[in-house]
Amino acid sequence: MITKRLVHQNTHIISDNTTGNISEVEQFTTHIVGREPDFVKMYIKDLGRMMDLNKSDDKILFSLLQTMGYDNMIHIDMYTKKKIEEELSMPLNTINASIKNLYNAGILIRKAHGRYLVNPTLFARGKWEDIVKIRMEIEYSSEGKVIKQIDITNNKVTITEKSNT
């Protein structure tokens, strides 16, 4: 990944109330961040074709993506399903089947009951430095650290764990 160096300059003006002297303090902070990789615009309909999704799945995916937060999480509870049911005029069993199809295709990754991570290698919202963090998790414990990385190959989601003890 190509990195980009950002330098921020802050100037603080400090005045001495007793002497009236004014002094300036300059601080420079340097951050090294990864630059957003090149991208290609792709339409949900095309992604659906590549992953063998049906038209209902495409429409439901688009509705769900509108609720995605900056952490790439979506909450699919009965309220969300009812809202999609009204918005798209689709029966609840079609919505449930589509959610299952999106999960099986690796587009949705179940984190907890009703809580899904939208696969960050396919969709993301926010700044690149935040998106990169979503793609990789590091857990620290007394036994060491575990690095989890998300990868998609042939429509399958693989979460690789590397332990350093």
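The values are calculated or read from the model by the stated rules, or taken from the named source; none is laboratory data. All figures in this text were calculated on a predicted structure; none of them were measured in a lab. For neighbour counting, all protein chains shown are included, and Cβ atoms are generated from backbone atoms with ideal geometry for every residue, glycine included.
Listed values, structure above:
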| quantity | calculated |
| --- | --- |
| Residue selected from region 87-112 under the condition under 25 Å from the mean Cα position of the chain (by Cα) and outside any helix (DSSP H, G or I), by the criterion surrounded by the fewest Cβ atoms within 10 Å (Cβ to Cβ) | Ala112 |
| Complete set of residues in region 113-125 that are assigned to a strand (DSSP E or B) and not hydrophobic (A, V, I, L, M, F, W, C) | Arg115, Tyr116 |
| Residues (at pLDDT 85 or above, surrounded by 11 or more Cβ atoms within 10 Å (Cβ to Cβ) and of a type in the set (Lys, Arg)) located in region 42-62 | Lys59 |
| Cβ pairs under 8 Å, 6+ apart, first in region 79-106 and on the phi > 0 side of the Ramachandran plot and touching a residue at least 40 places away in the same chain (Cβ under 8 Å), second of a type outside the set (Phe, Trp, Tyr) and surrounded by fewer than 12 Cβ atoms within 10 Å (Cβ to Cβ) | Gly106/Lys156 |
